[in-house]
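Some notes on the structure that comes next.
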Amino acid sequence: MELVFATNNQHKILEIKNAIGDYYQIISLSEAGIEEEIPEDFDTLEENASQKAQYIFDKYGGNCIADDTGLEVDALEGRPGVFSARYSKMGNLQFPEMEANKGNIKKLLIELENREIRTARFRTVIALILNERKYLFEGIIHGSILYKASGSEGFGYDPVFQPTGFDKSFAEMDLNEKNMISHRAIASRKLVDFLKTCNI
Ligand code: IMP
């Protein structure tokens, strides 16, 4: 079965393919011929994932998935959360010239300077539109924010996120290792379990 995935982020595509297996053919936005920016205007992961999936469905007309992810840091009352992608370009402390991922990590480490409580979680919501109906799947992984970036695998906040029970960051894990435990893999497995119950 073909599923258009509302992203061109190659890391996310690999992670979803790896978690979902070969039976479902994941098609990126560019492969589906959709070139424009997909809107994500809402204040919750659920609404953003739904909005992106709906946008693709309206354009493309077939079954599709979209995800939205947030890093929720306890010492920051759950920030940056749904604003994780734009974090370094918002608020008092901004790094407008810096590449987004680098700026985000820099801002996070500054905001957590001298903070001992560093617990956090990644939360992903995947929205599926299947036969014109929408379904949501959530994946959460708990961990903590390191004092400095470590590792070069993965993407986004991976170099500063250490999952609970591990002694290395997501960016020090290879794809298979991250995919055994990650928020996106957990949500993807729920998606696959659901598709199997539909005999798809
Ligand atoms: P989005 O889901 O692509 O909007 O991602 C929101 C923010 O979280 C972006 O800054 C991403 O780089 C980051 N992000 C999403 N998924 C991951 C992940 O698996 N590891 C690290 N950062 C992530």
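The values are calculated or read from the model by the stated rules, or taken from the named source; none is laboratory data. Just so you know, these numbers come straight off a predicted model, no measurement behind them. All Cβ positions, glycine included, derive from the backbone under ideal geometry; neighbour counts span all protein chains shown. Ligands, DNA and RNA are excluded from the accessible area calculation, which covers all protein heavy atoms including side chains. Shrake-Rupley method; radii C 1.70, N 1.55, O 1.52, S 1.80 Å.
Partner lysines whose Cα lies under 18 Å from the Cα of Lys178, excluding those fewer than 8 positions away in the same chain, are identified as Lys12, Lys17, Lys168, Lys190. For the pair Met1 and Phe83, label points projected 7 Å from Cα toward Cβ lie 3.7 nm apart.
A full extension of the chain between Met90 and Leu109 corresponds to an added length of 5.3 nm, given 0.36 nm per residue minus the alpha carbon distance.
On a per residue basis, the stretch 2-197 carries 50 Å² of accessible surface, using protein heavy atoms and a 1.4 Å probe. When the square roots of the Cα gyration tensor eigenvalues are ordered a ≥ b ≥ c, the ratio a/c for the stretch 59-107 is 1.5 or more and a/b does not exceed b/c, which makes its shape oblate. Dipole magnitude for the chain: computed about the Cα centre from +1 point charges on Lys and Arg Cβ and -1 point charges on Asp and Glu Cβ, it is near 340 debye. Working value for the chain: equivalent-ellipsoid semi-axes of 29, 19, 14 Å, each the square root of 5 times a Cα gyration tensor eigenvalue, largest first.
Measuring nothing but protein heavy atoms, the accessible surface of the chain at 1.4 Å probe radius is 49 percent carbon and sulfur. Give me the angle, in degrees from 0 to 90, between the Cα long axis of helix 183-197 and the longest principal axis of the Cα atoms of the chain, rounded to the nearest 10. Taking the Cα atoms of the chain, the angle to 183-197 is about 20 degrees.
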